[in-house]
């Protein structure tokens, strides 16, 4: 169609503008190799997973943190997760998905009474028992369904839906832009449910170009659209991205910027602002101009504020910030690790989801 052709032309022109800022060797390498694994993608860091386990930690409304609950793998051993994602369901339960070399793509629920169901595996798109997924994201929807996004080892993006009765649909590859693009290769998939029962998914095409697309429960998809970046005429180039829904129904992005600027190294954290989703830099800790991050996660809280979680790009320690309803930030605070002694520990992946009672469920993989 004409509109599709125009969108492809726009994306191509923007990609040309971006590649114009690279050396010819770098551009050639990226063109030849396809999507490049980013230093921090989605809710994870792309370092080799350490078999330290996956933990659930409750964040209290007063900013304190409860003890860590280990979530061992199906065989009782620690889960070596490379990507995790959590979402709160309308009934107050929590659904969690994670990737692991042994069980592939795993999921489990935290019931309303606080008990955990244990990990179960989701089969692969080709029907095999283990899906060697690379990255994963999940969002709860208003009718009690949930939608899962996952990429395979070639970064091809898939999605499937679990209905309120716990029945899963088949995996479906999400098309790219244009008639002749049955799949799309991305990093850092992220998804959020909307008040009308639909959802918004976003990802970094080619490991850097931020795109978004709405979806519906009946499998309906529209088209990928470019998310404007630091200026309205250029897209946002990211390493890691998370999307959530604000109280007014608008979507909000938290993302690390891929490219080095004149004053900042790669990894500077930005949040989207305004109806056109232009991005503004998030100040760092201790007066720093920017937070230099790797993995990111964002969730709405019961009081109308939004929680930011991000790992420091150097230490991989987790820090928390809160965006108040008036848009001001509360400041970065360290999140204690699962050891119970109040100290930070490096993590591979982090995801947080707000609860109706004002608490937060934090899932971290060490």
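So the values come out like this:
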read-out	value
3 or more residues under 25 Å from residue 73 (Cα atoms) and under 20 Å from the mean Cα position of the chain (by Cα): qualifying strands (runs of 3 or more DSSP E) within the stretch 311-366	349-354, 360-365
Failed item in (1) within 20 Å of residue 237 (Cα to Cα); (2) touching a strand residue (DSSP E or B) at 6+ places or on another chain (Cβ under 7 Å), with residue 365 passing the rest	(1)
Residues that are within 20 Å of the chain's Cα centre (by Cα) and surrounded by 18 or more Cβ atoms within 10 Å (Cβ to Cβ), drawn from the stretch 94-107	94, 95, 96, 97, 98, 99, 100, 104, 105, 106, 107
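Residues are listed down the side, and each one gets a yes or a no for (1) in contact with a helix residue (DSSP H, G or I) (Cβ under 6 Å, 6 or more places away or on another chain); (2) surrounded by fewer than 23 Cβ atoms within 10 Å (Cβ to Cβ); (3) more than 20 Å from residue 355 (Cβ to Cβ):
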site: 241; (1), (2), (3): no, no, yes
site: 249; (1), (2), (3): no, yes, yes
site: 284; (1), (2), (3): no, yes, yes
site: 311; (1), (2), (3): no, no, yes
site: 314; (1), (2), (3): no, yes, yes
site: 324; (1), (2), (3): no, yes, no
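Readers should treat all values here as calculations from the given coordinates under stated rules, not as data from a laboratory. Owing to the predicted nature of the structure, the values given are computational and were not obtained by experimental measurement. Note that each Cβ is placed from the backbone with ideal geometry, even for glycine, and that neighbours are counted across all protein chains shown.
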